[in-house]
Amino acid sequence: MREPISRDSRLALDLALTIRHDGNGGVTDDLTDPAGLTEWVRAHPELLPGTATDRADDHREDSAAGTAPRPAEGGGDGPSADAAQLAAVRELRAAVRALFARAVRPGEPSPADAARLMPLEEAVRHLNEAAARTPIVPVLDWPEGGTPLVHHQPVRTADGLTAALAHAVIAFLAGPDRDRLRACHAPRCVRYFLKEHPRQEWCKPSCGNRARVARHHQRHKATA
């Protein structure tokens, strides 16, 4: 039976999976330039102000709000990322993948970056610092004839996108979905995934097929 995946878990996983197999035996990076980040953010509207659905508790609502990439000069098709935002998100992703590698222990991490992971202490510190880039402020609402109410909302800053991502990653790593995180070790695959059932070994059926073919060839070679 397929387990539901929370919004925070989906967002954290999708950020890590911007490093992926290119289909030709290598690894590709979807976030090599601001245009790539812009396209990725537009595919995740929950990052954009005013598009996230309401959540049951204020803290999780604040965590999801964040700030969209700043609009490009001269308008254009929606908001566009800049070089500073790209650098911040890429650095956050490096921390996330290091922490994912820790989360899948004693299993092996993704082979995409297993030999060059950010040190764990640095990864934790960077994640926490990124999450703090969107401070939460009280906002007073006092309707006519009513009583004063205080709501909390994030201050919109240039670092809001990175902070929103960091909040989602923290929620994922501290939540129950973390225990389902695995690295796929099928030939040529570099993905992390969440197990949907106890016997699942691979991120998708095609990876399972490749792994079984590789095992068959290995056994045949050993007995030849």
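The values are calculated or read from the model by the stated rules, or taken from the named source; none is laboratory data. These figures come from a predicted structure and were not determined experimentally. All Cβ positions, even for glycine, are placed from backbone atoms using ideal geometry, and neighbour counts span all protein chains on display. Side chains are part of the model used for accessible areas, which takes the heavy atoms of the whole protein and leaves out ligands, DNA and RNA. Shrake-Rupley method; radii C 1.70, N 1.55, O 1.52, S 1.80 Å.
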Within the stretch 22-37, track down each residue that is more than 27 Å from Gly175 (Cβ to Cβ) and either in a helix (DSSP H, G or I) or touching a residue at least 60 places away in the same chain (Cβ under 8 Å) (or both). Gly25, Val27, Pro34, Ala35, Gly36
Looking at Asp62, is it assigned to a helix (DSSP H, G or I), surrounded by 15 or more Cβ atoms within 10 Å (Cβ to Cβ) and modelled with pLDDT under 95? yes
Can we say Glu201 is in contact (Cβ under 8 Å) with a residue 24 or more places away in the chain, surrounded by fewer than 17 Cβ atoms within 10 Å (Cβ to Cβ), within 23 Å of Val104 (Cα to Cα) and among the charged types (D, E, K, R)? no
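Within the stretch 1-21, track down each residue that is β-branched (Val, Ile, Thr), open to solvent by less than 60 Å² (accessible area, probe 1.4 Å) and either part of a loop (DSSP other than H, G, I, E, B) or without any contact (Cβ under 8 Å) to a residue 24 or more places away in the chain (or both). Spell out the reasoning first.
We begin by selecting, within the stretch 1-21, every residue β-branched (Val, Ile, Thr); these are 5, 18-19.
When the remaining residues are screened for being open to solvent by less than 60 Å² (accessible area, probe 1.4 Å), the result is 18-19.
Correct list: Thr18 only.
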Candidate set: the stretch 22-38, residues that are open to solvent by less than 60 Å² (accessible area, probe 1.4 Å) and polar (S, T, N, Q); chosen: the one nearest to Val89 (Cα to Cα): Thr38
Could you run through the stretch 80-120 and say how many residues are under 22 Å from Arg180 (Cα atoms) and within 13 Å of the chain's Cα centre (by Cα)? 9
Among the numbered criteria (1) at pLDDT below 90; (2) of a type in the set (Val, Ile, Thr); (3) open to solvent by less than 80 Å² (accessible area, probe 1.4 Å), which single criterion is violated by Thr223? (3)
How many residues are modelled with pLDDT of 95 or more and β-branched (Val, Ile, Thr) when one looks only at the stretch 109-146? 1
Looking at Asp179 and the list (1) at pLDDT 85 or above; (2) within 30 Å of Ala84 (Cβ to Cβ), which single condition is not satisfied? (2)
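Taking the stretch 38-51 on its own, how many of its residues are at pLDDT below 85, part of a loop (DSSP other than H, G, I, E, B) and either under 22 Å from Leu127 (Cα atoms) or touching a Cys at 6+ places or on another chain (Cβ under 9 Å) (or both)? Working first, answer last.
The first filter runs over the stretch 38-51 and keeps only residues at pLDDT below 85, leaving 46-51.
Now drop any that are not part of a loop (DSSP other than H, G, I, E, B), which leaves 48-51.
Narrowing further to those that are either under 22 Å from Leu127 (Cα atoms) or touching a Cys at 6+ places or on another chain (Cβ under 9 Å) (or both): 48-49.
Summing the residues that are at pLDDT below 85, part of a loop (DSSP other than H, G, I, E, B) and either under 22 Å from Leu127 (Cα atoms) or touching a Cys at 6+ places or on another chain (Cβ under 9 Å) (or both) in the stretch 38-51 gives 2.
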